[in-house]
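Student: Take this structure, written in structure tokens, and hold onto it; I'll ask about it next.
The values are calculated or read from the model by the stated rules, or taken from the named source; none is laboratory data. Treat the numbers as computed from the prediction; the structure is a model and nothing was measured. With ideal geometry, Cβ positions are generated from the backbone for all residues, glycine too; neighbour counts draw on all protein chains shown. Heads up: the accessible areas ignore ligands, DNA and RNA and are worked out on the full protein's heavy atoms, side chains in. Shrake-Rupley method; radii C 1.70, N 1.55, O 1.52, S 1.80 Å.
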Amino acid sequence: DIAVVAESTGLPIGWFLEERPQLVASRKPAPEGGVSPAFDLALERVSVHVEQLVSEGIIAPAAHQGFRLDVDHDAIARRAAEVRDWADAGDEPIVDFSAFCERVGLLVFAQSYLGSPFEGAVTEVERKPGAEFGIALVDKCAGLLRSRFTLAHELGHWVYRTSFGTGCGHGDVERAMNSFAAHLLMPRSFVERMETKHADRRALALAVSAQCGVSWSATLGHLANLGVITGETYALEVECKPDSQGFQNAGFEIPMVKEPDVVPPLYRSAVLNAYQQRKLTTGKTLEVLFGAVVEEQLPERIPPRGRKAS
């Protein structure tokens, strides 16, 4: 019976035979709200598999470095800059956001959930006290730009530990996480450099939105918060959202950022290396790669000891 349930849920049999603490996660709801057992089950499944890979020494996520929550927006901007420093990203646009998150201890998994009420979620896994890492799940159906901002928002919950200590979902906390996401994706110093190149405010917004991979409304909101554009300009421009042709006419090919991978890049490499070294079976390898690789794409395995490759 357990085997049948395990097969239908995609969870390993051991999950049903051991006592586990309830999964605690921050979930970012879609505007229409609702619940999604499929999304919750997927987050649980990813967490279980990742924990197993960590315990077996196959992957070694970066250690967590966190902050105490501060809702002051200048302090949040400084924290966002520190997170960029951890990832050695400077202040340039983050092209591969999955790889960026992996460098600061958050493993990002992207799947499609048509009609899901959640755009993303993040949970914390304790490897050992003081060496926690995070797991994020984002819905690719939300669209590239929404997925990026959602992921940046959830990264904020991760580095501030707001999912587990200060009660995510509170209005001031969620606003702080949105501020963190905006400063992380669109650093003030980068915006200032764009100002020197684009005197026209609309051209500036086009440059920031395109290069940083942020939606038009979120870009305008951030520029207004930075004092770069006025509230009147925001109200005028937010109603004149450019299409892809508008960006192309301004010299930007959309998209200029990378879509989230199904699994994190270093995670994928570590799993495939374990497969080559015969530390993982074919079935387990495909299972923990969640469809990122099909069997025909698996690398050649190292022959067992005492045997030579034919």
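Student: Take the residues in the stretch 65-118 that are assigned to a helix (DSSP H, G or I) and among the basic types (Lys, Arg), then tell me which one is most open to solvent (accessible area, probe 1.4 Å).
Tutor: My answer is Arg78.
Student: Turning to a different aspect of this structure: Cβ-Cβ under 7 Å, sequence separation 6+ or interchain: first residue in the stretch 59-79 and under 30 Å from His49 (Cβ atoms), partner open to solvent by 80 Å² or more (accessible area, probe 1.4 Å). Which pairs?
Tutor: Ala62/Arg103; Gly66/Arg161; Phe67/Arg79
Student: Does Glu287 count as within 27 Å of Leu106 (Cα to Cα) and of a type in the set (Asp, Glu)?
Tutor: Yes, satisfied.
Student: Which residue pairs have Cβ atoms closer than 6 Å, lie 6 or more positions apart in sequence or on different chains, and pair a first residue in the stretch 125-148 that is at pLDDT 90 or above with a second residue that is open to solvent by 30 Å² or more (accessible area, probe 1.4 Å) and outside any helix (DSSP H, G or I)?
Tutor: Final answer for the pair search is Leu144/Pro255; Leu144/Glu259; Leu145/Ser215.
A quick yes/no check of all residues on (1) part of a helix (DSSP H, G or I); (2) at pLDDT below 85; (3) open to solvent by 10 Å² or more (accessible area, probe 1.4 Å); (4) touching a Lys or Arg at 6+ places or on another chain (Cβ under 9 Å):
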site: Leu155; (1), (2), (3), (4): yes, no, no, no
site: Val159; (1), (2), (3), (4): yes, no, no, yes
site: Thr162; (1), (2), (3), (4): no, yes, no, no
site: Gly167; (1), (2), (3), (4): no, yes, yes, no
site: Arg175; (1), (2), (3), (4): yes, no, yes, no
site: Asn178; (1), (2), (3), (4): yes, no, yes, no
site: Ala181; (1), (2), (3), (4): yes, no, no, yes
site: Phe190; (1), (2), (3), (4): yes, no, no, no
site: Arg193; (1), (2), (3), (4): yes, no, yes, no
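Student: Related question: Which numbered condition trips up Lys241, out of (1) basic (Lys, Arg); (2) in a helix (DSSP H, G or I); (3) farther than 30 Å from Val50 by Cβ?
Tutor: (2)
Student: Here's another thing I want to ask about it. Answer yes or no: is there a residue in the stretch 265-288 that is out of contact with any helix residue (DSSP H, G or I) (no Cβ under 9 Å at 6 or more places or on another chain), over 18 Å from Leu185 (Cβ atoms) and of a type in the set (A, V, I, L, M, F, W, C).
Tutor: No - not one qualifying residue is present in the stretch 265-288.
Student: Based on what the data block shows, is Arg148 in contact with a Gly (Cβ under 9 Å, 6 or more places away or on another chain), among the charged types (D, E, K, R) and within 19 Å of Cys212 (Cα to Cα)?
Tutor: Yes: the conditions hold for Arg148.
Student: Considering Gly306, Gly291, which residue is in a loop (DSSP other than H, G, I, E, B), modelled with pLDDT under 95, under 30 Å from Ser47 (Cα atoms) and out of contact with any helix residue (DSSP H, G or I) (no Cβ under 9 Å at 6 or more places or on another chain)?
Tutor: After ruling out the rest, the residue left standing is Gly291.
Student: Now, a different point. Within the stretch 258-274, can one find any residue that is of a type in the set (Asp, Glu) and free of Cβ contacts under 8 Å to residues at least 40 places away in the same chain?
Tutor: No, the conditions are met nowhere in the stretch 258-274.
Student: Going by the conditions given, is Ala224 more than 24 Å from Asp96 (Cβ to Cβ), within 28 Å of the chain's Cα centre (by Cα) and open to solvent by less than 80 Å² (accessible area, probe 1.4 Å)?
Tutor: Considered against the rule, which asks whether it is more than 24 Å from Asp96 (Cβ to Cβ), within 28 Å of the chain's Cα centre (by Cα) and open to solvent by less than 80 Å² (accessible area, probe 1.4 Å), Ala224 comes out as yes.
Student: Which of the residues spanning the stretch 227-267 are within 17 Å of Val293 (Cα to Cα) and open to solvent by 90 Å² or more (accessible area, probe 1.4 Å)?
Tutor: Glu259, Leu266
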